[in-house]
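None of the figures in this text is laboratory data; all of them are computed from the coordinates on show. All figures in this text were calculated on a predicted structure; none of them were measured in a lab. Positions of Cβ are backbone-derived with ideal geometry, glycine not excepted, and every protein chain shown enters the neighbour counts.
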Amino acid sequence: MVTPSYNQAEFLETTLRSIHEQDYPELEHIVLDGGSSDGSREILEKWQDRFAYWRSAPDGGQTEALIEGFDLATGDILCWLNSDDVFYPGTLHHVSEWFLANEGEDFVYGDAMWIDRDGHPIVSKREHGFNLFIWTYDHNFIPQPSTFWTREIYDRVGGLDASFDFAMDADLWRRFAEVQRPRHVRRFWSMMRFYPEQKGHWRATG
């Protein structure tokens, strides 16, 4: 798992707690902070014993940090959780069980709850099975923090494209879908936070 972050001290510890309080024994957590100046580094130093790797230094932005993180990762199942989103309790255990029970599947997504700055629910996003026409011509309904995939499919499609700043997830899902049909699990796996200052806020409100 990779967590990219930059000046997210307001939410960072809540995100870290949602990951590590699950006590998932096989967790490999890589945190890449872009040189924050808001106290994030001090939070990461408190949690550093839980990380497989972390750093706080200027970088080329979110996508570059994610690529770096996935290059470092050694696990069989990959995902990323931004430093303002959170997992539901039990998510990592449930995802692991799903992959064990569905041998040969490489790409799965669950549902997500949209929450506000203070963690209050905005809307319950119960998604549906993958439909290429809807996904292509209507909207990207695959919630990024509720999406998990194998190292095999990530390497097969060439990983994230560094030229994308906003839609790096949608581009990756499209290339995954060309290899294998995404599977959907009707279970809430994450909470996605929406607030005015966030990157890509227009996607939630536009």
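Can you run phi through the Karplus equation (6.51, -1.76, 1.60; θ = phi - 60°) for the stretch 14-27 and list ³J(HN,Hα) in whole Hz, with x for Gly and Pro?
Whole-Hz 3J(HN,Hα) from phi for the stretch 14-27: 5, 4, 4, 5, 5, 7, 7, 6, 6, 6, 7, x, 9, 5.
If amide H atoms are built 1.01 Å from N in the plane of the peptide, which residues on other chains or at least 5 residues away come under 5 Å of the amide H of I122?
Under 5 Å from the amide H of I122 lie the amide H atoms of W114, I115, D116, each far enough along the sequence or on another chain.
Under the rule of at least 5 residues apart or a separate chain, name every residue whose amide H is placed under 5 Å from the amide H of R183.
Amide H neighbours of R183, under 5 Å, 5+ apart: F107, V108, Y109.
Got a sec to turn the phi values of the stretch 167-179 into Karplus ³J(HN,Hα) couplings, 6.51 cos²θ - 1.76 cosθ + 1.60 with θ = phi - 60°, whole Hz, x for Gly and Pro?
9, 4, 6, 4, 4, 5, 4, 4, 6, 4, 5, 6, 9
Largest first and in whole Å, what are the equivalent-ellipsoid semi-axes of the stretch 2-205 based on the Cα gyration tensor, each being the root of 5 times an eigenvalue?
Three semi-axes, in Å: 24, 19, 18.
Please give me the summed charge of the neighbours of W80: other residues whose Cβ is under 12 Å from its Cβ, Lys and Arg +1, Asp and Glu -1.
-3
Give a residue-ordered list of calculated ³J(HN,Hα) values for the stretch 74-82 (Karplus: 6.51 cos²θ - 1.76 cosθ + 1.60, θ = phi - 60°; whole Hz; x for Gly, Pro).
Calculated HN-Hα couplings, in order: 10, x, 7, 10, 10, 6, 9, 10, 5 Hz.
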